[in-house]
Amino acid sequence: MAHIQLPYGHRTLELELEADVLDIEAQDALRKSKLLPLECLRAALRKPRGTPPLREIVASQVSPSIVIVVDDHTRAAPTELMLAALLEELGAAALDRITVLVACGTHQPPSDADLRRILGNYYGLLRVCIHDCDAHNLTPVGITSRGTPVKLNSVYTNADIKILTGDITLHYYAGFGGGRKSILPGIAARESIQANHALLVHEQARSANLDGNPVHLDMLEAALLAPPDFILNVIASAPDQIDQACAGSMELAFLQGVCSAREFFCRTSDALFDLLIVSAGGAPKDKNLYQAAKAIENCYRAVAPGGTLLLLAECPDGIGDALFEQWMDTFPTYATAENAIQTHFVLGGHKAFYIRKVMEMIDLAVVSELDSGLLDRWHITGFQSLESALSRLNKDIGKVGIVKKGLDTLLAPAPV
């Protein structure tokens, strides 16, 4: 009898299954830091890659204005800890010259409660600006070689010292989050984001891949049109746990982190699963289906043809994107979604494209708070509890796999 706890929102779901279960745990592959989180950050700041230490960069200017770009409420980056380390480095005299810029991309703005979670003890202490991708005062900085017009938040472009923070995670068409992604899509105009994301149909635009990936390369080129002076990125297994930190230039520090992230996040399985139970990873990664669906893309390749991927994602905020919902209603097959994405790309529609692609090969089921009728309309089996899902899916069950952190685990069959 397998007994496993799976993240679900702010709690866990208990799984007891009378089957041969393989528990795939991404953290097994990580060489965890032996340092406490703040010490890990301090060590990275002391030895940045490709730049002088941050305090020297700031000291080279007279009373410079400083912007620190941070992840929004849909990410689980340890922002408060990173701010603590950065403020130590910058010194108390810089406090009044710092603006924290929340990189929302096209997401809805964070609530006051979200900001309190993101900033922790620095809520109310630091000046905060929330990026709006539809604002009229965004600054044009150029056009990439792939034709992406790049407009960025003016608070960022006008700052004397520009600092990026964030965590390096899997991203299903940019390869990895972190680094350049804090700029595009993080603080870019909607038209910039849409032009960049339209490149996702390319075969090299896939999770954990940067080589020849046009989405990544376009993001990098866009970021270099208004490059940051310094970045601080982490690999974090939990909001209060930092397993590795990398600091310095956007390109070198990011690539250092990516090398470790591959070892951390990428796993293989010797066999395909008839049932793969995948938790998105709990809050905030399962706030809505739009975010949680990334776990499907990360893990579906390890499911046997005709098998089932069961996604556990609470989704208290519902679907999370009106265009995603509209496309799932409008394009009921992979063929129709593929044709639509190639002829009329829109943000939100790309998520439907990915899900319809997966549904061509395997069955998809979801345990969530979502309306089961809506999911049924999309030919996704919806359940309100894990128990009800297993009672339906446990008939003649074969090989079962478990993924506890689906947004942070790329699972694929082992090479033959």
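Looking at the stretch 97-108, which of the residues that are modelled with pLDDT of 95 or more and not aliphatic (A, V, I, L, M) is most open to solvent (accessible area, probe 1.4 Å)?
Applying the filter and picking the extreme gives R97.
Residue-wise test of (1) of a type outside the set (S, T, N, Q); (2) out of contact with any Asp or Glu (no Cβ under 7 Å at 6 or more places or on another chain).
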| site | (1), (2) |
| --- | --- |
| I242 | yes, yes |
| A253 | yes, yes |
| V258 | yes, yes |
| F265 | yes, no |
| S269 | no, yes |
| S279 | no, yes |
| K287 | yes, no |
| A292 | yes, no |
| E297 | yes, yes |
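Return a yes/no flag: does the stretch 247-267 have any residue that is surrounded by 23 or more Cβ atoms within 10 Å (Cβ to Cβ), in contact (Cβ under 8 Å) with a residue 40 or more places away in the chain and closer than 23 Å to L393 by Cβ.
No: the stretch 247-267 contains no residue that is surrounded by 23 or more Cβ atoms within 10 Å (Cβ to Cβ), in contact (Cβ under 8 Å) with a residue 40 or more places away in the chain and closer than 23 Å to L393 by Cβ.
Mind checking which pairs have a first residue in the stretch 183-209 that is in a loop (DSSP other than H, G, I, E, B) and a second that is among the β-branched types (V, I, T) and buried (at least 18 other Cβ atoms within 10 Å of the Cβ), Cβ under 6 Å, 6 or more apart or different chains?
P185/I193; A205/V215
Checking T157 against (1) modelled with pLDDT of 95 or more; (2) open to solvent by 10 Å² or more (accessible area, probe 1.4 Å); (3) out of contact with any strand residue (DSSP E or B) (no Cβ under 7 Å at 6 or more places or on another chain); (4) closer than 29 Å to A113 by Cα: exactly one of these is not met. Which one?
(3)
A quick yes/no check of all residues on (1) on the phi > 0 side of the Ramachandran plot; (2) surrounded by fewer than 21 Cβ atoms within 10 Å (Cβ to Cβ); (3) in contact (Cβ under 8 Å) with a residue 60 or more places away in the chain; (4) not β-branched (V, I, T):
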position: D286; (1), (2), (3), (4): no, no, yes, yes
position: L289; (1), (2), (3), (4): no, no, yes, yes
position: R301; (1), (2), (3), (4): no, yes, yes, yes
position: A340; (1), (2), (3), (4): no, yes, no, yes
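So which residues in the stretch 116-151 are assigned to a helix (DSSP H, G or I) and either among the hydroxyl-bearing types (S, T, Y) or free of Cβ contacts under 8 Å to residues at least 24 places away in the same chain (or both)?
Listed by number, the residues that qualify are R116, Y122.
Can you find a residue in the stretch 376-391 that is open to solvent by less than 50 Å² (accessible area, probe 1.4 Å), part of a loop (DSSP other than H, G, I, E, B) and in contact with a helix residue (DSSP H, G or I) (Cβ under 8 Å, 6 or more places away or on another chain)?
Checked against the condition, which is being open to solvent by less than 50 Å² (accessible area, probe 1.4 Å), part of a loop (DSSP other than H, G, I, E, B) and in contact with a helix residue (DSSP H, G or I) (Cβ under 8 Å, 6 or more places away or on another chain), the stretch 376-391 yields at least one hit.
Of all residues in the stretch 322-356, which are part of a loop (DSSP other than H, G, I, E, B), modelled with pLDDT of 90 or more and of a type in the set (V, I, T)?
T333
Which of the residues that make up the stretch 50-81 are open to solvent by less than 50 Å² (accessible area, probe 1.4 Å) and either touching a Cys at 6+ places or on another chain (Cβ under 6 Å) or in a loop (DSSP other than H, G, I, E, B) (or both)?
Answer for the stretch 50-81, where residues must be open to solvent by less than 50 Å² (accessible area, probe 1.4 Å) and either touching a Cys at 6+ places or on another chain (Cβ under 6 Å) or in a loop (DSSP other than H, G, I, E, B) (or both): T51, P53, P64, S65, D72, H73, T74, A76, A77, P78.
(1) touching a Ser or Thr at 6+ places or on another chain (Cβ under 6 Å); (2) farther than 24 Å from L54 by Cβ: which one isn't true of S154, the others all being true?
(2)
G307: under 16 Å from the mean Cα position of the chain (by Cα), of a type outside the set (S, T, N, Q) and not in a helix (DSSP H, G or I), yes or no?
For G307, the condition - under 16 Å from the mean Cα position of the chain (by Cα), of a type outside the set (S, T, N, Q) and not in a helix (DSSP H, G or I) - is not met.
The values are calculated or read from the model by the stated rules, or taken from the named source; none is laboratory data. None of the values given here were measured: they were computed from a predicted structure. Cβ sites come from the backbone with ideal geometry, for glycine too, and all protein chains shown count toward neighbours. Remember, those area values only see protein heavy atoms, side chains included, never the ligands or the DNA or RNA. Shrake-Rupley method; radii C 1.70, N 1.55, O 1.52, S 1.80 Å.
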